[in-house]
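The values are calculated or read from the model by the stated rules, or taken from the named source; none is laboratory data. Just so you know, these numbers come straight off a predicted model, no measurement behind them. Here the Cβ positions follow ideal geometry from the backbone for every residue, glycine too, while neighbour counts run over all protein chains shown.
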Amino acid sequence: MAKGLGIIMFSGTADKFIPLGVLTQTAANLGVPVRIFVTGFALPYFTKNKPEPRFPKEFEDMVPKVHEGMERVKAPTWYDMLKDAKELGDVKVYVCSLMAEIVGVKKEDMDPIVDDVVGAAFFMNETEDYEIIFI
């Protein structure tokens, strides 16, 4: 059995942020350590001036129903789920140092939810015995 859950968050679309929040919060509730490695198009959503994630064009017909359903069940936002998970358990959010350098973002530009800016080798060493998923 894996010792934890490693999530590589690459996508910057809303359909990916919802499972990020749900899986992270669920793992934290179960006492499973989680390490999130933010890279690619997800990086802007972990900065202080983060945009609101948008759904991909192919899902635009479902967006009103998803928003309505989330309000109806009082589902927290992906960000609130991550915050709660970090308060509950062993959850760390890391931003990829290479991608941060590429897009010109520094550690001081990161949202407080981010624990550190690290390289891929650091993440791979830290999650050596973890189950890894790519979102």
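Could you check, for the stretch 86-99, whether at least one of its residues is touching a Ser or Thr at 6+ places or on another chain (Cβ under 7 Å), under 17 Å from A42 (Cβ atoms) and free of Cβ contacts under 8 Å to residues at least 24 places away in the same chain?
no
Any residue in the stretch 58-65 that is at pLDDT below 80 and aromatic (F, W, Y)?
Yes, the stretch 58-65 contains a residue that is at pLDDT below 80 and aromatic (F, W, Y).
Out of (1) out of contact with any Ser or Thr (no Cβ under 9 Å at 6 or more places or on another chain); (2) at pLDDT below 95, the odd one out for I135 is which?
With respect to (1) out of contact with any Ser or Thr (no Cβ under 9 Å at 6 or more places or on another chain); (2) at pLDDT below 95, I135 is out only on (1).
Considering only the stretch 77-135, how many residues are among the β-branched types (V, I, T) and part of a loop (DSSP other than H, G, I, E, B)?
6
Say we look at the stretch 20-46 and pick out the residues that are of a type in the set (S, T, N, Q) and either in contact (Cβ under 8 Å) with a residue 12 or more places away in the chain or part of a loop (DSSP other than H, G, I, E, B) (or both); which of these is farthest from S97 (Cα to Cα)? Break it down stepwise before answering.
Going residue by residue through the stretch 20-46, those that are of a type in the set (S, T, N, Q) are 24-26, 29, 39.
Narrowing the set further to residues that are either in contact (Cβ under 8 Å) with a residue 12 or more places away in the chain or part of a loop (DSSP other than H, G, I, E, B) (or both) leaves 24-25, 29, 39.
Values: T24: 22, Q25: 25, N29: 29, T39: 9 Å.
By that ranking, first place goes to N29.
Go through (1) at pLDDT below 95; (2) in a helix (DSSP H, G or I) and name the single condition K74 misses.
(2)
List the pairs whose first member sits in the stretch 119-135 and is farther than 10 Å from R35 by Cβ, whose second member is in a helix (DSSP H, G or I), and whose Cβ atoms are under 7 Å apart, counting only residues at least 6 apart or on separate chains?
Listed by first residue and then by second, the contacts come to G119/S97; G119/L98; I135/K16; I135/P19; I135/L20.
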